[in-house]
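The structure under discussion appears below in the form of structure tokens.
The values are calculated or read from the model by the stated rules, or taken from the named source; none is laboratory data. Keep in mind the model is a prediction, meaning the values are calculated, not measured. Quick reminder, even Gly has a Cβ in these numbers, built from the backbone with ideal geometry, and neighbours come from all protein chains shown. We work out accessible area using only protein heavy atoms, side chains counted, and drop any ligands, DNA or RNA first. Shrake-Rupley method; radii C 1.70, N 1.55, O 1.52, S 1.80 Å.
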Amino acid sequence: MKIVVCVNHVPDTATRVNISTNQKTIDSNGVTYVVNPYDEFAIEEALKTKEAVGGEVVAISLGNETNKETLRKVLAMGVDSAVLLKTEEAMDSLSVAKALAQEIKIQNTELVFMGKQSVDYDNAIMGQYVAAILDFNIVAAATNFNLSGNKIIAEREIEGGKETIETSIPAVITAQKGLNEPRYASLKGIMAAKKKVIEEKEIIISGNFVNVIEMKKPPQKAAGKIVGVDASAVPELVRLLKEEAKVI
Amino acid sequence: MANKFLIYVEQRDGNIKKSSFEALKKGSELAKLLNAKIEAVVIGNEIGNLEDIGGYGVNKVTHLKNAELTNYSVSAYSELFIKFAEEINADLILLANTLMGKDIAPALAVKLNCGLVVDCTELEVNNVNIIATKPVYAGKALTLVETNTPKSIFTLRPNVFTAGKSSAMKAEVIVQNIDTVNLSNNVTKVVKTEGKLDVSEADIIVSGGRGLKAAENFGMIEELAAQLGAATGASRAAVDAGWRPHSDQVGQTGKTVSPNLYIAVAISGAIQHLAGMQSSKFIVAINKDKDAPIFGVADYGIAGDAFEVIPALIEELKK
Ligand SMILES: Cc1cc2nc3c(=O)[nH]c(=O)nc-3n(C[C@H](O)[C@H](O)[C@H](O)COP(=O)(O)OP(=O)(O)OC[C@H]3O[C@@H](n4cnc5c(N)ncnc54)[C@H](O)[C@@H]3O)c2cc1C
Ligand SMILES: Nc1ncnc2c1ncn2[C@@H]1O[C@H](COP(=O)(O)O)[C@@H](O)[C@H]1O
């Protein structure tokens, strides 16, 4: 079976965000980019599924030239081939979803893995979008995945519990932490990745569905007060919470 | 300009979610400003107190009903929700940004080919347009966003908008019995974490970090939480150590929370942790290192040993 995994190239979570002069994006100077953390779980699940049922794994990333760094890392983990959907323009989620869906169709696959969420815009909806466009089944934020024949049994955490889901391919599965332990790239994998080709396709966008008017820093909190240095400060803390903050 | 608002009311186990009341209240305020019509839809089987929705300013709710809708199913719920939104020609749709909201809002956006902004923390009317505030980079920055399409969908971050009931008005409840339900995605089992409040829905959260040193020391965190009617949370270090479940993790790769009160115990305040909790209304930090970054976002702090302070705090609250 051919399996597709969609991977995003995002700022490291330790990044201290500065806003660029256009006031619409972050200033990428000095920012380290990494494979989106949730996508590592998606890649691992794709590779495990391939190991179980045979076939190949293709990674797709939409972005600019620098996304190739992420695709190289993904190839080093054991993904067979990679496609870069290349654009210099900022795109909203639904436009990205349409481009990804089109490529997934070209790849002629029935099983797609993605991360639960990109840690840049934190939307957590790409899998749902792509599934809706392609009319695939969707399991979002899966913590467990099992495929036998056409049948999928998956689990996910919901608010205050866990649900078990039965569905079938064609499907998009988005990966939550807990799904598996992502493997590291081996030295052999890194060497092999250098020889694999990244296919590049220019994409043209037809216009965005949402506009970012402005990006800004959140209001800074005023410095708080240290009420004390040991248990003797507890009565005062409780008084403040009751009388000043009025939260208990 | 929006003429017809639709609020999606989410229920689990027949109970309406608090985050849906927040969406109803916000929706009714916006509809008033824009002079638009507003109604609500709910999908499920037996659902309690639907007419109470009237108290939040929405006086018509349609209940799409079938026994097979008792458990949530993304295929069944999306299909019915889309059909209803199209039938009434809704042009502004609000949902809570829950797992369910994030499942079905994108499906509707694809069908209506319209702009969707998720996880909004503010919606404001500017002239006739709605401008959403959407945090990005886990709250390290905010964006102001508008949609570009005649129809729009927004999902609202839970616990940010107030849900106060403003009247005793009763809504008109219209029950529509549904014949066939698409269960191509079928939830076959739901296991509830017994007696445990989820961090994403709690008004008060008590979180513990690596400084607590062992799983059993979370006993005092649980006791404090019980005393306050709070949920328990954790830093990633505590989750990675296996002391707490991942569902408790607060932060950039855990849950984003905005409770009224967040108490961080023996948590240093790494940037990824702060990202998930700094929009809490009040923050208390208890950490023996007075220079820990968590004090930079805390309203009140005690720079002392958690093993002394927490038991004392539990005792004080019992008084
Ligand atoms: C990709 C990525 C994603 C991440 N996502 C998250 C996330 O979602 N959430 C998250 O929390 N972290 C996340 N992290 C991890 C983050 O960087 C920190 O490592 C983590 O938050 C540290 O947890 P901690 O504060 O419990 O532990 P530490 O940083 O070790 O801090 C322990 C604190 O306890 C204090 N202490 C020790 N003993 C006592 C005592 N007796 N009484 C009082 N105080 C005491 C110490 O002074 C110290 O400040 C992520 C990291 C990466 C790389
Ligand atoms: N530009 C992109 N290229 C490839 N995959 C992406 C891209 N953006 C998002 N994704 C995938 O969609 C998932 C969820 O992203 P999001 O909805 O943006 O939070 C990510 O974990 C990726 O798997």
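Here A:Ala101, A:Ala76, A:Ala97 are screened, and the one residue that is at pLDDT 95 or above and over 24 Å from B:Thr147 (Cβ atoms) is A:Ala76.
Let's see how each residue does on (1) touching a strand residue (DSSP E or B) at 6+ places or on another chain (Cβ under 8 Å); (2) open to solvent by 30 Å² or more (accessible area, probe 1.4 Å):
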position: A:Val57; (1), (2): yes, no
position: A:Ser61; (1), (2): yes, no
position: A:Glu69; (1), (2): yes, yes
position: A:Arg72; (1), (2): yes, yes
position: A:Val83; (1), (2): yes, no
position: A:Ala90; (1), (2): yes, yes
position: A:Glu103; (1), (2): yes, no
position: A:Ile106; (1), (2): no, yes
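Looking at the stretch A:167-192, which of the residues that are of a type in the set (A, V, I, L, M) and assigned to a helix (DSSP H, G or I) is surrounded by the fewest Cβ atoms within 10 Å (Cβ to Cβ)? Result: A:Leu187. The set of residues in the stretch B:108-120 being at the interface with chain A (Cβ under 10 Å from one of its Cβ atoms), crowded, with 19+ Cβ neighbours inside 10 Å and of a type outside the set (A, V, I, L, M) consists of B:Cys114, B:Gly115, B:Asp119. Listed by first and then second residue, the pairs with beta-carbon distance under 8 Å, at least 6 apart or on different chains, first residue in the stretch A:1-29 and more than 9 Å from chain B (Cβ to nearest Cβ) and without any contact (Cβ under 8 Å) to a residue 12 or more places away in the chain, second β-branched (Val, Ile, Thr) and away from ligand 2 (no atom under 16 Å from the Cβ), are A:Asp27/A:Ile19; A:Asp27/A:Thr21. From the list B:His246, B:His273, the lone residue that is within 11 Å of ligand 1 (Cβ to nearest atom) and without any contact (Cβ under 8 Å) to a residue 24 or more places away in the chain is B:His246. Looking across A:Asn144, A:Asn150, one residue alone is within 14 Å of another protein chain (Cβ to nearest Cβ), farther than 30 Å from A:Glu69 by Cα and open to solvent by 50 Å² or more (accessible area, probe 1.4 Å). It is A:Asn150. Scanning the stretch A:215-228 for residues that are exposed (fewer than 15 other Cβ atoms within 10 Å of the Cβ) and assigned to a strand (DSSP E or B) yields A:Lys216, A:Lys225. The one condition from (1) more than 8 Å from ligand 2 (Cβ to nearest atom); (2) more than 19 Å from B:Val118 (Cβ to Cβ) that A:Ile60 does not meet is (1).
Would you point out which residue out of B:Val181, B:Val187 is over 18 Å from the mean Cα position of the chain (by Cα) and within 13 Å of another protein chain (Cβ to nearest Cβ)?
B:Val187
In the stretch A:110-123, of all residues being away from ligand 1 (no atom under 13 Å from the Cβ) and open to solvent by less than 10 Å² (accessible area, probe 1.4 Å), the one that is farthest from A:Gly54 (Cα to Cα) corresponds to A:Met114. Here are some conditions: (1) over 23 Å from A:Gln117 (Cα atoms); (2) more than 9 Å from chain A (Cβ to nearest Cβ); (3) in contact with a helix residue (DSSP H, G or I) (Cβ under 6 Å, 6 or more places away or on another chain). B:Ile174 meets all but one. Which one does it not meet? Of (1) over 23 Å from A:Gln117 (Cα atoms); (2) more than 9 Å from chain A (Cβ to nearest Cβ); (3) in contact with a helix residue (DSSP H, G or I) (Cβ under 6 Å, 6 or more places away or on another chain), only one is false for B:Ile174: (3).
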